[in-house]
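**Student:** Structure in structure tokens, see below.
The values are calculated or read from the model by the stated rules, or taken from the named source; none is laboratory data. The structure displayed is predicted, hence computed values, not measured ones. With ideal geometry, Cβ positions are generated from the backbone for all residues, glycine too; neighbour counts draw on all protein chains shown. The protein model used for the area step is the full one, side chains on, heavy atoms only, and it has no ligands, DNA or RNA in it. Shrake-Rupley method; radii C 1.70, N 1.55, O 1.52, S 1.80 Å.
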Amino acid sequence: MTDRRKFLKDLAMISAAAATAPALMSMNGLSDEQKAQIATESDSFWSVPRNSALKITGTFLDEISHDIPHQNWGVKEWEQDFKNMKAIGIDTVIMIRSGYRKFITYPSPYLIKKGCYRPSQDLLEMFLTLADRYGMKFYFGLYDSGRYWDTGDLSWEIEDNKYVIDEVWQRYGSRHRSFGGWYISGEISRATKGAISAFHAMGKQCKDVSNGLPTFISPWIDGKKAVMASGGALSKADAVSVEQHEKEWNEIFDGIHDVVDACAFQDGHIDYDELDAFFEVNKRLADRYGMQCWTNAETFDRDMPIKFLPIKFDKLRLKLEAAKRAGYDKAITFEFSHFMSPQSAYIQAGHLYDRYKEYFEIK
């Protein structure tokens, strides 16, 4: 009996120690001397020059998603995420879309009348309030009806957004100092039907109602990794050439540059040894038409069969270093909260945050 009691007591002590081990191993449980020693050891293992890339200073906010899981955050979690963003120098947040099909981010009278579901919280008001509080610029992402994805014709999006743009500016834009611009949320890669006229119409309306606030787009490059997320393939053979990419986007920029101020090409659809060639073209085209050249540095990994997980740090580093070599103006990401945040549902995201801070020597 005594041996059995001793065994159970020892087992309880082992279990308690295991439960508290993560807390004891965190930096919060260490002395200043121990923290300094760990920091010094971490510094000694780097084999590449640090702080040699373009920093991420903007992120999309993906509250209406269709291919990554919802994290079900409330105001408390979102405020903590804004603090985490601010700590690494993020000064711009972009609501990626104000709605997708029937799910919307704010109680839009127009969209609800059309059959969209009323959201339980006004996420647009919450994001703008947090952006005000933390001194960030907020870009409003337009409504995505889904019809473009069904038909391949971007002109469908003009009609609904006629009402959404006016409605949002009247209800929110004039009340929040953080409301700093517009994101035209249609994603294209090539010379898509109706793209030039749709981008121009929506960009012009955004500027007209807001006294010229900036607009931007974030298309994708039709590279070897531009495959359907729902499929099993990781690459394709019929990738666009650098020359064809330049030809098609020269035509698109020529048609929209007077109402679209910046273009942030998604960087995940081409291979890492193709970055410099495509980035050079993107910067040359943007300069030709007086546009800002941004990069959408994806923080999720397109090289794995599991879609989508946080990216390996070195892959992100290679992309940001290429953006700096090309002379890009700004780096934004899709998307901090899922793939880079210390409080993400993915534990790897917090580790990416830590490696990013180490690389850029952010204390």
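**Student:** I'd like the full set of residues that are surrounded by 18 or more Cβ atoms within 10 Å (Cβ to Cβ) and touching a helix residue (DSSP H, G or I) at 6+ places or on another chain (Cβ under 8 Å), limited to the stretch 197-208. Explain how you work it out, then say what you get.
**Tutor:** We begin by selecting, within the stretch 197-208, every residue surrounded by 18 or more Cβ atoms within 10 Å (Cβ to Cβ); these are 198-203, 205-207.
Once the filter is applied, which keeps residues that are surrounded by 18 or more Cβ atoms within 10 Å (Cβ to Cβ) and touching a helix residue (DSSP H, G or I) at 6+ places or on another chain (Cβ under 8 Å), the stretch 197-208 yields ALA198, PHE199, HIS200, ALA201, MET202, GLY203, GLN205, CYS206.
**Student:** Taking the conditions exactly as written (closer than 23 Å to ALA262 by Cβ, at pLDDT 95 or above, in contact with a helix residue (DSSP H, G or I) (Cβ under 9 Å, 6 or more places away or on another chain) and open to solvent by less than 80 Å² (accessible area, probe 1.4 Å)), does SER52 satisfy them or not?
**Tutor:** Values: closer than 23 Å to ALA262 by Cβ: no; at pLDDT 95 or above: yes; in contact with a helix residue (DSSP H, G or I) (Cβ under 9 Å, 6 or more places away or on another chain): yes; open to solvent by less than 80 Å² (accessible area, probe 1.4 Å): yes.
When the stated conditions are applied, SER52 does not pass them.
**Student:** So which residues in the stretch 79-98 are touching a residue at least 60 places away in the same chain (Cβ under 8 Å) and either part of a helix (DSSP H, G or I) or not β-branched (Val, Ile, Thr) (or both), if there are any at all?
**Tutor:** Of everything in the stretch 79-98, those that are touching a residue at least 60 places away in the same chain (Cβ under 8 Å) and either part of a helix (DSSP H, G or I) or not β-branched (Val, Ile, Thr) (or both) turn out to be GLN80, ASP81, ASN84, MET85, ALA87, GLY89, MET95, ARG97, SER98.
**Student:** For the stretch 286-301, check the following and say yes or no: at least one residue is closer than 22 Å to LYS236 by Cβ and surrounded by fewer than 16 Cβ atoms within 10 Å (Cβ to Cβ).
**Tutor:** No - not one qualifying residue is present in the stretch 286-301.
**Student:** When both residues are 6+ apart or on different chains and their Cβ atoms are under 8 Å apart, which pairs have a first residue that lies in the stretch 42-56 and is within 17 Å of LEU275 (Cα to Cα), and a second that is open to solvent by 50 Å² or more (accessible area, probe 1.4 Å)?
**Tutor:** Once the first residue is within 17 Å of LEU275 (Cα to Cα) and sits in the stretch 42-56, its partners that are open to solvent by 50 Å² or more (accessible area, probe 1.4 Å) give SER52/LYS324; ALA53/LYS324; LEU54/LYS324.
**Student:** If I go through the stretch 116-150 residue by residue, how many of them are more than 25 Å from PHE199 (Cα to Cα) and without any contact (Cβ under 8 Å) to a residue 24 or more places away in the chain?
**Tutor:** Count: 5.
**Student:** Just for the stretch 58-70: of the residues that are modelled with pLDDT of 90 or more and open to solvent by 30 Å² or more (accessible area, probe 1.4 Å), which one is nearest to ARG302 (Cα to Cα)? Steps first, answer last, please.
**Tutor:** Just the residues of the stretch 58-70 that are modelled with pLDDT of 90 or more, to begin with: 58-62, 69-70.
Then keep just the ones that are open to solvent by 30 Å² or more (accessible area, probe 1.4 Å); that gives 69-70.
Details: PRO69: 16, HIS70: 19 Å.
Here the residue is PRO69.
**Student:** For the structure I just gave you, tell me whether PRO310 is open to solvent by 10 Å² or more (accessible area, probe 1.4 Å), within 17 Å of the chain's Cα centre (by Cα) and within 24 Å of LEU234 (Cβ to Cβ). Talk me through it step by step, then tell me what you get.
**Tutor:** Details: open to solvent by 10 Å² or more (accessible area, probe 1.4 Å): yes; within 17 Å of the chain's Cα centre (by Cα): yes; within 24 Å of LEU234 (Cβ to Cβ): yes.
Taking the combined requirement at face value, the residue satisfies it.
**Student:** Of everything in the stretch 101-120, what is within 21 Å of GLY74 (Cβ to Cβ) and loosely packed, with under 14 Cβ neighbours inside 10 Å? Give them in sequence order.
**Tutor:** TYR117, ARG118, SER120
**Student:** Can you pull out every residue in the stretch 166-192 that is open to solvent by 20 Å² or more (accessible area, probe 1.4 Å) and touching a Leu at 6+ places or on another chain (Cβ under 7 Å)? Show your work before the answer.
**Tutor:** We begin by selecting, within the stretch 166-192, every residue open to solvent by 20 Å² or more (accessible area, probe 1.4 Å); these are 166-167, 169-171, 174-175, 177, 187, 190-192.
Residue satisfying the conditions is THR192 alone.
**Student:** Criterion first (closer than 20 Å to SER218 by Cβ, modelled with pLDDT under 95 and surrounded by 14 or more Cβ atoms within 10 Å (Cβ to Cβ)) does ILE96 satisfy it?
**Tutor:** On the way: closer than 20 Å to SER218 by Cβ: yes; modelled with pLDDT under 95: no; surrounded by 14 or more Cβ atoms within 10 Å (Cβ to Cβ): yes.
Judged against the criteria, ILE96 is not a match.
**Student:** So ALA131 ticks every box in (1) open to solvent by 60 Å² or more (accessible area, probe 1.4 Å); (2) more than 22 Å from PHE265 (Cα to Cα) but one. Which box is left unticked?
**Tutor:** Status for ALA131: all satisfied but (1).
**Student:** How do the pairs read when you match residues in the stretch 268-289 that are closer than 15 Å to SER189 by Cα with residues anywhere that are aliphatic (A, V, I, L, M) and open to solvent by 10 Å² or more (accessible area, probe 1.4 Å), using Cβ under 7 Å and keeping only pairs 6 or more apart or on different chains?
**Tutor:** Partner pairs satisfying both residue conditions: HIS269/ALA226; PHE278/VAL242; PHE279/ALA326; VAL281/VAL242.
**Student:** Working carefully through the options LYS224, LYS236, find the one that is more than 24 Å from the chain's Cα centre (by Cα) and either among the basic types (Lys, Arg) or open to solvent by less than 40 Å² (accessible area, probe 1.4 Å) (or both).
**Tutor:** On the way: LYS224 fails: more than 24 Å from the chain's Cα centre (by Cα).
Only one candidate qualifies: LYS236.
**Student:** Kindly indicate the residue of the stretch 137-160 that is surrounded by fewer than 22 Cβ atoms within 10 Å (Cβ to Cβ) and in contact with a strand residue (DSSP E or B) (Cβ under 6 Å, 6 or more places away or on another chain) and also nearest to ALA87 (Cα to Cα) among those meeting that condition. Show your work before the answer.
**Tutor:** If we filter the stretch 137-160 for residues that are surrounded by fewer than 22 Cβ atoms within 10 Å (Cβ to Cβ), which is where we start, we get 137, 145-147, 149-153, 155-156, 158-160.
So of that shortlist, the ones also in contact with a strand residue (DSSP E or B) (Cβ under 6 Å, 6 or more places away or on another chain) come out as 137, 160.
Numbers: LYS137: 15, ASP160: 37 Å.
Per the criteria, the residue is LYS137.
**Student:** Please state which of the following conditions VAL260 fails to meet, knowing it meets all the rest: (1) β-branched (Val, Ile, Thr); (2) under 23 Å from the mean Cα position of the chain (by Cα); (3) open to solvent by 10 Å² or more (accessible area, probe 1.4 Å); (4) at pLDDT 95 or above.
**Tutor:** (3)
**Student:** Taking TYR163 as meeting all but one of (1) surrounded by 16 or more Cβ atoms within 10 Å (Cβ to Cβ); (2) under 23 Å from the mean Cα position of the chain (by Cα), write down the number of the exception.
**Tutor:** (2)
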